[in-house]
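J.: Before I ask anything, here is the structure I am working with.
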Ligand SMILES: [Zn+2]
């Protein structure tokens, strides 16, 4: 009898844990304000996403272009695409690699999207730029290959890297690279459903300019919010038509059987962190012209010095 009671209480405990672990962004007991109660790291000092305040970004010329390999391959094979109740997630092959400027190498695991859509034209990116939320944000999640697997890396202090990009609406221009992905969303309306995406070329689903990016140290933007993510947020954005964005925003349902809207976390405090970028931000065209003129002036001065005839040595 005692054993049965233990068993029942264990089962109840299991059910309880399961219910409690169902985090949300805005509804129920475990909305984003309450994540830290269940996942302490979510209340940490190195959380993501953040607001990228361009005036405060530090230019770092050592941040050379990311080296992406396997991204452009027409990935022969079948890639599973799942509605996990929070987003659509595509599994990626570990042959896709990202090399950071310092030589650290990361292997891809999955990519997913964050969008808004709770009311017409409501944006849903996680990172904001000068306080402005973009339409959609793409996350390509990687783990550091110095660890044997994602499962090991996900708890290591330097375990993860996320390549992020924004989506913007370009009226009337359908982005055909997104056609297959968007048409497959209808197959995974309910959480837990999966479909197979073939002929996946991740490079085509990213912005054209892959050279310019912001970088900082942060966390996963969903529980458990582990603070071990090196972020690379691309400056350029993917362009989709309004109809394409609408389909992404309105095709999936949540565990609560509602349309999956506003799957993004609010910007988190910087707590003294510095965001770096490998490009300059000019608040106005005038400041850009002034900067360039200054550079030309410096170069001319250098040339004048270099070309000036050497003064004859004084004879004593
Ligand atoms: Zn994400």
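J.: Quick one: length gained pulling residue 179 to residue 259 fully straight, 0.36 nm per residue minus the C-alpha distance? The partial results should precede the final answer.
T.: Working: separation 80, 0.36 × 80 = 28.80 nm, distance 2.08 nm.
Contour length minus Cα-Cα distance gives 26.7 nm.
J.: Before anything else, pin down the relative contact order of the stretch 24-290: Cα pairs under 8 Å, at least 6 apart, normalised by residue count, whole percent. Provide the component values of the computation, followed by the final result.
T.: Details: 623 pairs, mean separation 74.5, N = 267.
For the stretch 24-290, the relative contact order is 28 percent.
J.: Quick one: if the Förster radius is 22 Å, what FRET efficiency do residue 156 and residue 99 give, using the C-beta to C-beta distance and rounding to 0.05?
T.: With R0 = 22 Å, the Cβ-Cβ based efficiency is 0.75.
J.: Hey, another quick one. Quick check: pseudo-label points 7 Å beyond the Cα along Cα→Cβ at residue 38 and residue 286, how many nm apart are they?
T.: Output for this residue pair reads 5.2 nm.
J.: With each pseudo-label sitting 7 Å past Cα toward Cβ, what's the residue 266-residue 56 distance in nm, one decimal?
T.: 1.7
J.: Taking the square root of 5 times each eigenvalue of the Cα gyration tensor, what semi-axes in Å does the equivalent ellipsoid of the stretch 213-316 have, largest first?
T.: 53, 20, 11
J.: Any idea what angle helix 285-307 forms with the longest principal axis of the chain, computed on alpha-carbon atoms, 0 to 90 degrees, nearest 10?
T.: 40
J.: In addition: For helix 2-20, what angle does its Cα long axis make with the longest principal axis of the chain, in degrees from 0 to 90 and rounded to 10?
T.: 40
J.: How many Å³ per residue does the convex hull of the Cα positions in the stretch 24-290 occupy?
T.: So the per-residue hull volume is 133 Å³.
J.: Computed over the Cα atoms, what is the radius of gyration of the stretch 269-312 divided by 2.2 N^0.38 Å, N being its residue count?
T.: Its radius of gyration relative to the 2.2 N^0.38 Å reference: 1.94.
J.: Using the number of other C-beta atoms within 10 angstrom as an exposure proxy, rank 154, 305 with the fewest first.
T.: Fewest-to-most Cβ neighbours within 10 Å comes out as 305, 154.
Computed from the coordinates by the stated procedures, all read-outs in this text should not be read as laboratory data. If you're wondering where the values come from, they're calculated on a predicted model, not measured in any experiment. Every residue, glycine among them, receives a Cβ derived from its backbone with ideal geometry; neighbour counts consider all protein chains shown.
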